[in-house]
Amino acid sequence: MGRQAAQKVRAFSARTWSWYRGRKRWQQIVIALILIALLVALIVFLRRDPASDLANQQRTVTLQTVSELSGNGSNVSIIGSVRSVTEADILAQSGGTVRRVHTAIGQSVGAGAIIAELENASERASVLQAEGSYESALAARSITRAQAGSSEESLEEAERSARNTYRTAFTTIDSLLTIEIQSVFGGTSITPGLLLNTGSGPRMSEEYSALRRTELTTWRRALDSADSKNPETLLSESEVVVQRLSAFLVELSRAAAQANSGATATQKGNIASARATADSLLATISAERDQLRAARTAATVGSRQSESQNGQVSSADAQVKTALGVLRAAQAQLEKTIVRAPIAGTVNFLPIRVGDYVTSFTHVATVARNNALEIVAYVSEDDRDLLAAGTEVTIEDATPGVVTSISPALDPVTKQIEVHIAVEGESELVNGQSVRIALPNAVAATLETEGPVLLPLSAVKLRADERIVFTVNEEGRLVAMPVEIGDVRGDRIEIRTPLSAELRIVKDARGLSDGERVRVKE
């Protein structure tokens with residue numbers, strides 16, 4: 001058997017050698033090179049050290065302390081939020097469609113300035129109706145008192161009513177020109193431009209400007225001295241302005257009614273509402289003048305009525321109070337549709353647009369004083385005694401700050417102590433920004449690093465169901481530590497789980513898994 005096998009091998013070798021010799025020169029060279037490469041690979045395979053291969057397959061990782069990775073060095077830091085010292089979040093008091101937005105993000109507004117208005121045609125109509133009822137009640141009371149014989153008191157009341165009508169007329173006319181009629185004019189209050197297509201645009205713009213800049217300005221200045229003037233003279237002065245406005249509105253209404261005027265339904269509705277208000281004012285002024293003259297006549301005649309009519313006077317007083325209550329309620333409902341700035345500052349948040357529908361208590365705007373910033377941070381209850389008002393800190397490793405106040409009690413939400421830090425000097429901090437605050441060495445020596453801290457994103461492995469950091473045990477295997485994360489700040493992520501400052505974790509957790517054997521880079 002052995003001889004036969006040897007003969008077969010020699011025969012096969014001879015045939016192979018013969019086949020090889022029959023090849024072309026370049027083919028012989030290629031075949032020889034392939035055989036040499038196979039021989040070298042076999043030798044390397046036979047000389048391979050399994051232990052060395054296993055070591056080469058292991059990942060090399062770098063371990064660093066939480067304090068080092070969070071960028072604290074020898075200091076301990078906490079996370080704080082930059083906010084304005086004075087800031088107000090404005091909520092919608094009622095639901096409705098946004099009718100106007102009077103400002104934009106980044107613009108400065110004064111306290112009480114109108115930021116936006118919701119649809120309020122019905123509320124304005126209710127106010128107008130309530131004003132008419134109140135003024136009617138005042139007139140009826142004046143008549144009743146005159147009939148009751150309180151001629152002098154009736155005259156004083158009539159004079160007060162006339163002066164109130166004078167002031168109310170100014171407020172109403174000012175509102176008409178700056179809110180209702182403003183929708184028909186563009187530009188500024190000094191150089192307005194009629195938005196309707198009409199040949200009388202320049203003249204009507206000039207008339208509108210004169211009403212606002214001349215008549216209203218003169219009227220506003222006269223309000224302070226109204227108590228010293230003849231009430232009938234005041235009514236006559238107000239009547240002249242209202243008549244001029246009424247004539248202007250008639251012409252404006254005609255212009256809007258033209259086929260090619262381009263007036264919208266809202267603009268036409270505003271003009272119609274303004275005309276109705278102006279006509280109501282003229283009727284009220286006329287009624288007040290009649291009541292004033294009647295009261296003066298009664299005072300001159302000196303007529304007296306019996307005591308049985310005192311009850312009628314009391315009833316008239318009650319009706320006036322009832323009408324005034326209805327008016328105040330209507331005004332309160334109207335005010336709920338107007339979004340005002342409670343403080344002066346810059347508009348930092350304004351998500352609403354004309355045509356949007358908002359519900360009650362929707363956050364519609366934020367106004368803050370961005371030039372006066374502070375930082376709010378939280379520390380644990382055990383660390384509260386390590387800080388004091390006046391402690392100097394460093395914000396983002398560059399900006400100096402000082403602790404201004406420390407809450408005496410735990411925050412009911414975070415269960416930590418609230419600390420306020422003032423920013424010293426100029427800085428590039430932005431309202432709403434999250435920053436890292438480094439505490440001084442004297443505090444860092446005794447303060448434990450508790451969450452939140454900022455770690456590099458590469459140090460945290462993000463799984464579908466958990467977030468972990470890795471440490472290495474004595475056997476050289478990875479140990480996963482679940483953590484709770486917060487916001488991402490650039491290339492860093494907030495870790496809310498308390499971690500020891502001396503805990504050594506893997507700097508780059510990408511591609512690693514729990515239990516994997518690794519080599520630690522020294």
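Quick notes
- Condition met for Arg163 (within 30 Å of Ser142 (Cα to Cα), surrounded by fewer than 14 Cβ atoms within 10 Å (Cβ to Cβ) and among the basic types (Lys, Arg)): no
- Where strands (runs of 3 or more DSSP E) sit wholly within the stretch 358-437, those with at least 2 residues that are open to solvent by less than 30 Å² (accessible area, probe 1.4 Å) and over 30 Å from Val339 (Cα atoms) occupy 373-379, 392-395, 399-410, 417-423.
- Number of the condition not met by Glu68 [criteria: (1) modelled with pLDDT of 75 or more; (2) within 30 Å of Val402 (Cβ to Cβ)]: (1)
- Members of the stretch 467-514 that are under 27 Å from Ile437 (Cβ atoms), more than 38 Å from the chain's Cα centre (by Cα) and surrounded by fewer than 12 Cβ atoms within 10 Å (Cβ to Cβ): Glu502
- Scanning the stretch 202-253 for residues that are closer than 11 Å to Tyr166 by Cβ and aromatic (Phe, Trp, Tyr) yields a single hit, Trp219.
- Cβ-Cβ under 8 Å pairs, at least 6 apart or on other chains, the stretch 266-293 side free of Cβ contacts under 8 Å to residues at least 40 places away in the same chain, far side among the aliphatic types (A, V, I, L, M): Lys268/Ala256; Lys268/Ala257; Arg275/Leu249; Arg275/Val250
- Count - residues of the stretch 208-235 that are open to solvent by 10 Å² or more (accessible area, probe 1.4 Å) and either free of Cβ contacts under 8 Å to residues at least 24 places away in the same chain or touching a His at 6+ places or on another chain (Cβ under 9 Å) (or both): 12
- Residues being in a helix (DSSP H, G or I) and either within 16 Å of Val250 (Cα to Cα) or open to solvent by 10 Å² or more (accessible area, probe 1.4 Å) (or both) - total across the stretch 166-207: 24
The values are calculated or read from the model by the stated rules, or taken from the named source; none is laboratory data. Everything quoted here is computed from the prediction, not taken from an experiment. Note that we place each Cβ from the backbone using ideal geometry, even for glycine, and neighbour counts take in every protein chain shown. Remember, those area values only see protein heavy atoms, side chains included, never the ligands or the DNA or RNA. Shrake-Rupley method; radii C 1.70, N 1.55, O 1.52, S 1.80 Å.
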